[in-house]
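See below for the structure under consideration.
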There are 2 protein chains.
Amino acid sequence: MTRSSLFALALVLAAPAAAQTVPPQVAQLRDSALHDDYAWDITEGLTTEIGQRLAGTEAEARARDWAVGKLKAMGFSNVRVEMFDMPTWTRGAESADILSPFPQKLVVAALGNSASTPPEGITGEVVGFDTLADLQAASDEAVRGKIVFVSHAMPRTQDGSGYGYFGGPRRQGPGIASKKGAIAIVIRSIGTDHHRNPHTGVMNFPDGVKPIPAGALTLPDAEQLQRILKRGKPVMMRLTLVSQTGHGQSGNVIAEIPGRDPRLSPILVGGHLDSWDQGTGAIDDAAGVAIATAAAKRIMDAGRPLRTIRIVWFGAEEFGLFGGQDYLKKHGTEPHYALAESDFGAGRVWRVNSKLGKEREAEAKMLQSALAPLGIVPGDLDKADGSDIEPLLTAGMPGVGLSQDGTYYFDVHHTPDDTLDKIDPEALRQNVAAWTAMLAVLSGGIEPEPKQPKRR
Amino acid sequence: MTRSSLFALALVLAAPAAAQTVPPQVAQLRDSALHDDYAWDITEGLTTEIGQRLAGTEAEARARDWAVGKLKAMGFSNVRVEMFDMPTWTRGAESADILSPFPQKLVVAALGNSASTPPEGITGEVVGFDTLADLQAASDEAVRGKIVFVSHAMPRTQDGSGYGYFGGPRRQGPGIASKKGAIAIVIRSIGTDHHRNPHTGVMNFPDGVKPIPAGALTLPDAEQLQRILKRGKPVMMRLTLVSQTGHGQSGNVIAEIPGRDPRLSPILVGGHLDSWDQGTGAIDDAAGVAIATAAAKRIMDAGRPLRTIRIVWFGAEEFGLFGGQDYLKKHGTEPHYALAESDFGAGRVWRVNSKLGKEREAEAKMLQSALAPLGIVPGDLDKADGSDIEPLLTAGMPGVGLSQDGTYYFDVHHTPDDTLDKIDPEALRQNVAAWTAMLAVLSGGIEPEPKQPKRR
């Protein structure tokens, strides 16, 4: 027996016990959701009738009104908005011109919370770094008075794990560059595509660090700048990144299916309503709110669950999880039976993680068995995630993580290319089927509504 | 025997006679060109050090200087520029805002020769048509005073043949809309991708027809506008397409490898130097001039051909084939042994057409045999093409058409996305190998340069 076949045997032996029998109601709800149209209807409607909905702006307010109308029309109960205040940032004119040695225009977008340049821009010599570590290691003298450029080598991954490490140039780069005296920074977009669409995203300057203009070049433009820098001549750039800051309001839109037993803690499912401002936020995150809401609607169509299902369309996720923080403040002491958020596009669910606790392991295993026919791999029993629900999960509340395939997510993420055509309706339906099955398993059984006597 | 196998047999029986033996010199030159670096070097250099080079502008002038320097440095003879005058058109600010019923920004680019809007744009109701035929059939009343939108259903094709029929909305749409009294027109970009990068391209208003602003929406934006129109409410758009017209100069850059027998007519190979203004013109047409020039250079490296090889980097192709017309005017009465132009991207050559005449059929068959090992299918013996050389071909001069795979060409064609990263270096080398083999077959044999006595 070879070492590798020994290893394969060990894997088989370590596999979970035989799958559990899935209750017919769960299987039936799951399989019929493979024909779902609710999620497409929500995604198409929100992206078409509202389009971009940047946090704290009037566009997000219109999106909230749209959401309330939609959730009421779908028949959910207790539809309401919980408002909160937030600082706002909005984009103005943007350009990046190489003045010498090879005059040409590059395509750039400001990062969220970038400082503004004057309308006529600022001009400086570009100093390039292949990685964030190279910038960190640079002397202040090498950077002072210059426009910093930072590249990276973010790979595609199914689980999106490259975004953490390789997102460093966006998250930490501007602060590091400013501390070393740079007048601005441009980064290679945190993305995996090769289109002339820049990837924006939020960043924050550490306390006491002076904000500087910070932008993302598209990947083709970043590679162009690297080629220009390699010629070894001084590279002068005029960078215009106009933006405005202010104060505004955002809000979480909440709806419910009241459970048969109101004493039981609710299951929270959701996504975020706000989007970045250059696309229509189809994969980030119209699809997410659509998947969670469609699954709840399918449960509601089948009858009444034992537990309350609460749907939350969080506001202002992109600008710092303000919606999640507001929910934590207002509901963080209420028990929740499970939390789940869909916010990683519209790719097929390929894995189920959960963190329901040792005493609910049978339920977690049932969830795995119910999802396996959809091609979903059982994952960890001590993990769950979701940006807005992270504080609640960290506080120890139970959760489920239905991992979407993110292989192509960062081709489109935070770019003008985040539009409806990027969504595969079949993959969207598989998501709804997975979420429906999860709700069917966790919500304690669905019973037909008692027939109401007709009023005359 | 089934009908389909009978059909297959008929195809085999109709196949050309047994392939000819390819001279060792031709095979050796072809195969060594599969390791070519000249074409990449030219493509990378022109797109990096010049970038966009719109016809008649100072950027195209810089590109001509770059071309002259490059062709001289590569060792070609008789490097010269033949200048000509031309009308110019340059792009200004552009935007397309839906004002109602669903306020949002669409991404648009003006078509070449579009009329200019005022800086503040124009506002009108949008009237949509699924096809050019629908616009043609519309009454003047339906169009007058409105902004026309025309869609289409252009499919991918390997030979690019969809561009003719489905390019109608761009070429004829503006004229038809203007005649019916439209105040402007936006079309679905003539492309096959789904990115937020509009496809520009030239159009001309017929004599006596008033020029109106004419733009191309990206394909995702065109589909968004269709969805918005389908809601059935009046759609108001503010369209800003600022542009400037004027007069300028362009030129053809010409270089040669003088043949051993100067009495023999030359072989002309080339592409076009100018590009559209939003990308760096990598596939259109830096790759084309690079392929033709690299092949000639490989011949020159091997020695001296019997016939002169003339390389032409045409100017101002995109704005109406001005470079080809100027070459026709200055050289149209000179005999040419063969004409070939590379202007369909950087995809692999998949087919060879030629039009060398009945008396040169053996030469045409030899060309097929020499190219077959590169995976190139023998095509027609009465066809050749090339935009700038078309007038000469039409006048009856001999030509060769090395058809490139255009399956993905119209994803990128005339968009900001036409950048170096779209080129596959291996496919580029296969092109150079094909062009080198063609020149080796047609140029009458290459002999080593006689050794020059060294001067002291």
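Numbers below:
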quantity: Evaluation of B:K365 against (1) open to solvent by less than 10 Å² (accessible area, probe 1.4 Å); (2) in contact (Cβ under 8 Å) with a residue 60 or more places away in the chain (one fails), failing number; calculated: (1)
quantity: Residue in segment A:83-100 that is nearest to B:K105 (Cα to Cα), counting only those that are more than 13 Å from chain B (Cβ to nearest Cβ) and among the hydrophobic types (A, V, I, L, M, F, W, C); calculated: A:W89
quantity: The one condition in (1) touching a residue at least 60 places away in the same chain (Cβ under 8 Å); (2) assigned to a helix (DSSP H, G or I); (3) open to solvent by less than 20 Å² (accessible area, probe 1.4 Å) that A:Q226 fails to fulfil; calculated: (3)
quantity: Qualifying position, being assigned to a loop (DSSP other than H, G, I, E, B) and without any contact (Cβ under 8 Å) to a residue 24 or more places away in the chain, among A:G406, A:G396; calculated: A:G396
quantity: Residues satisfying the stated conditions in segment A:101-130, i.e. of a type in the set (G, A, S) and more than 14 Å from every other protein chain (Cβ to nearest Cβ); calculated: A:A110, A:G112, A:S114, A:A115, A:S116, A:G121, A:G124, A:G128
quantity: Number of positions in segment A:68-85 that are closer than 16 Å to A:E256 by Cα and either in contact with a helix residue (DSSP H, G or I) (Cβ under 8 Å, 6 or more places away or on another chain) or not in a helix (DSSP H, G or I) (or both); calculated: 11
quantity: Qualifying helices (runs of 4 or more DSSP H) (wholly inside segment B:102-221; at least 1 residues being open to solvent by 10 Å² or more (accessible area, probe 1.4 Å) and aromatic (F, W, Y)); calculated: B:162-166
quantity: Single residue of segment B:184-207 satisfying the filter (farther than 24 Å from A:D421 by Cβ and touching a helix residue (DSSP H, G or I) at 6+ places or on another chain (Cβ under 9 Å)) that is farthest from the other protein chains (Cβ to nearest Cβ); calculated: B:P206
quantity: Qualifying residue in segment B:18-38 (condition: touching a Phe, Trp or Tyr at 6+ places or on another chain (Cβ under 9 Å), under 27 Å from B:G281 (Cα atoms) and within 13 Å of chain A (Cβ to nearest Cβ)); calculated: no
quantity: Criterion (surrounded by fewer than 16 Cβ atoms within 10 Å (Cβ to Cβ) and either closer than 20 Å to A:I291 by Cβ or within 14 Å of chain B (Cβ to nearest Cβ) (or both)) met by exactly one of A:G375, A:G401, A:G345; calculated: A:G375
quantity: Which numbered condition B:G281 misses (of (1) on the phi > 0 side of the Ramachandran plot; (2) within 14 Å of chain A (Cβ to nearest Cβ); (3) surrounded by fewer than 24 Cβ atoms within 10 Å (Cβ to Cβ)); calculated: (3)
quantity: Helices (runs of 4 or more DSSP H) fully within segment A:266-376 counting 1 or more residues that are over 25 Å from A:P23 (Cβ atoms); calculated: A:287-302, A:322-331
quantity: Candidate set: segment A:39-53, residues that are hydroxyl-bearing (S, T, Y) and within 14 Å of A:D274 (Cα to Cα); chosen: the one nearest to the other protein chains (Cβ to nearest Cβ); calculated: A:T47
quantity: Scan of segment A:302-319 for residues that are of a type outside the set (S, T, N, Q) and under 21 Å from A:P262 (Cβ atoms), ordered by number; calculated: A:A302, A:G303, A:R304, A:P305, A:L306, A:R307, A:I309, A:R310, A:I311, A:V312
quantity: Answer residue from segment B:36-67, given it is of a type in the set (V, I, T) and part of a loop (DSSP other than H, G, I, E, B) and is least open to solvent (accessible area, probe 1.4 Å) among those; calculated: B:I50
quantity: Residue check, A:T240 in contact (Cβ under 8 Å) with a residue 12 or more places away in the chain, within 14 Å of another protein chain (Cβ to nearest Cβ), crowded, with 24+ Cβ neighbours inside 10 Å and not in a helix (DSSP H, G or I); calculated: no
quantity: Output for segment A:54-65, where each listed residue is more than 10 Å from every other protein chain (Cβ to nearest Cβ) and in contact (Cβ under 8 Å) with a residue 12 or more places away in the chain; calculated: A:L54, A:A55, A:G56, A:T57, A:E60, A:A61, A:A63, A:R64
quantity: From B:G270, B:G332, B:G303, B:G375, residue being among the small types (G, A, S), touching a residue at least 12 places away in the same chain (Cβ under 8 Å) and farther than 16 Å from B:A437 by Cα; calculated: B:G332
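The values are calculated or read from the model by the stated rules, or taken from the named source; none is laboratory data. This one's a predicted model, so the numbers in the text were calculated from it and none came from an experiment. Because the Cβ atoms are built from the backbone with ideal geometry, glycine has one as well, and the counts that use them run over all protein chains shown. To get the accessible areas, we keep the full protein, side chains included, count just its heavy atoms, and leave off ligands, DNA and RNA. Shrake-Rupley method; radii C 1.70, N 1.55, O 1.52, S 1.80 Å.
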